[in-house]
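Colleague: Sharing a structure below in structure tokens format, with a few things to ask.
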Amino acid sequence: MNYITFPNNFLELPEPLSNYEDSKIAMLPVPYEKTTTYLGGTKDGPEALINASQAIEFYDEEIDKEACTAGVCTLNNLEIEDNEEKMQESIYSSVKKIIEDKKFPIIIGGEHSITPACVRAFSETNKNLSVLQLDAHCDLREEWNGSKNNHACAIKRSLDYCKKVIPVGIRSVCKEEMDYIQENNIKIFWDRKIHANDDWMDETISLLSDEVYITIDLDGFDPAWMPAVGNPEPGGLQYYQTLRLLRKVFREKNVVGMDVVELSPRKDDVRSDFAAAKIIYKLIGYKFFDFK
Ligand SMILES: [Mn+2]
């Protein structure tokens, strides 16, 4: 696998901590943007996120470790295909290869439509897979703007491969999605209802199967601290609230991989780029260094 070397890689890691062979984590940048519906720019997400990561402190005081010592290999940008199906195939086969090489894949977008191909790859290896979705939107439309692969359909398409999705932070939904949610008895952790306390977190975790794939649409977070997304919605998950949930998930489940999508960087405001990179780094720490 061809990868980005020091000093241009995620966290600006030297070769011993970022070569493919020795790294436990393989980061796959997918700068794909085709079906964005409001503000554009997600194709610039991976580069901005990687640039911002180079300012992260290696030592994480919460886990008392330098999480980067797990080794993070930043793969070259996945080549973008014009054809939507070809793009899905390409993402699928790249993620599949990373899984077969026994690395922990972190896919960075790009728009949310890259997620179904990732879920497909994981569902073949992990028969009992569930998906934890942090998002402002359900993304359960059957079709949008003439495409079944639109980012507004990302979770609907993922359900072709994995029957269990647990959405958290949702605060924007259309009537068609609401009908689907009710018909299929999908439990939604509405953003409006999860701010009073953390009691809902154990219920969220109890609904997940043992093997979990996490998809983080950055618009799931409060645009006050994560403004650079294509569809900013008021409300949203908070930073420490999110870390509390995800730390529990990593402790109690086998998280097999994750994606972080929809970063739409603004040149004059890097706080979202840095926050997105920092969350990934926190989760690497939870995955490889935080044990009960
Ligand atoms: Mn969204």
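Colleague: Can you tell me the dipole magnitude for region 6-163 around its Cα centre, using point charges on the Cβ only (Lys, Arg +1; Asp, Glu -1), in Debye to the nearest 20?
Modeller: 720 debye
Colleague: Which is farthest toward the positive dipole end of the chain among Met226, Thr5, Pro265, measuring Cα position about the Cα centre, with Cβ charges +1 (Lys, Arg) and -1 (Asp, Glu)?
Modeller: Met226
Colleague: Rounded to the nearest 20 debye, what is the charge dipole size of region 3-289 about its Cα centre when +1 sits on each Lys and Arg Cβ and -1 on each Asp and Glu Cβ?
Modeller: 520 debye
Colleague: Calculate the spin-label point distance for Asp64 paired with Glu142, positioning each point 7 Å from the Cα along the beta-carbon direction, and give it in nanometres.
Modeller: Each label point is offset 7 Å from its Cα along the Cβ direction, giving 5.5 nm.
Colleague: From the phi of every residue in region 136-142, what ³J(HN,Hα) in whole Hz does the Karplus formula 6.51 cos²θ - 1.76 cosθ + 1.60 yield, where θ is phi - 60° and glycine or proline is x?
Modeller: 7, 10, 6, 6, 10, 5, 5
Colleague: Which longest run of the chain has no exposed loop site in it, a site being chymotrypsin sites (Phe, Trp or Tyr not before Pro) in a DSSP loop with at most 14 other beta carbons within 10 Å, and the site itself not part of the run?
Modeller: 59-224
Colleague: Grab the beta carbon distance between Asp179 and Asp269, set R0 = 30 Å, and tell me the FRET efficiency rounded to 0.05.
Modeller: With R0 = 30 Å, the Cβ-Cβ based efficiency is 0.20.
Colleague: Run the numbers for Trp225 and His195: contour at 0.36 nm per residue of separation, minus the present Cα-Cα distance, in nm.
Modeller: Result: 9.2 nm gained on full extension.
Colleague: With the Cα gyration tensor of the chain in hand, give its eigenvalues times 5 under a square root as the equivalent ellipsoid semi-axes, listed largest first in whole angstrom.
Modeller: Output for the chain: semi-axes of 26, 21, 19 Å.
Colleague: Would you calculate the convex hull of the Cα atoms in region 45-164 and tell me its volume per residue in Å³?
Modeller: Dividing the Cα hull volume of region 45-164 by its residues yields 142 Å³.
Colleague: For a quick size check, give me the Cα extents of region 1-93 along its three principal axes, largest first, whole Å.
Modeller: Principal axes ranked by extent give 43, 30, 23 Å for the Cα atoms.
Colleague: In what sequence do His151, His112, His137, His195 fall when counting other Cβ within 10 Å, fewest first?
Modeller: Least to most surrounded, the residues fall as His195, His137, His151, His112.
Colleague: Also: So if a site counts as exposed when it's one of the GluC sites (Glu not before Pro), its DSSP state isn't H, G, I, E or B, and it has at most 16 other Cβ atoms within 10 Å, what's the longest stretch of the chain without one?
Modeller: Answer - 144-292.
Colleague: While we're looking at this one, here's another question. Describe numerically, in nm with one decimal, the distance between label points set 7 Å from Cα along Cα→Cβ at Asp160 and at Phe291.
Modeller: Here the modelled spin labels are 4.0 nm apart.
Colleague: Can you compute the helix-only [θ] at 222 nm over the chain? Use -39500 (n - 2.57) per DSSP H run of at least 4 residues, normalise by all residues, nearest 500 deg cm²/dmol.
Modeller: Dividing the helical sum by the residues of the chain leaves -9500 deg cm²/dmol.
Only the coordinates and a few stated rules stand behind these numbers; no lab work does. Quantities reported herein were computed from a predicted structural model and do not represent experimental measurements. Because the Cβ atoms are built from the backbone with ideal geometry, glycine has one as well, and the counts that use them run over all protein chains shown.
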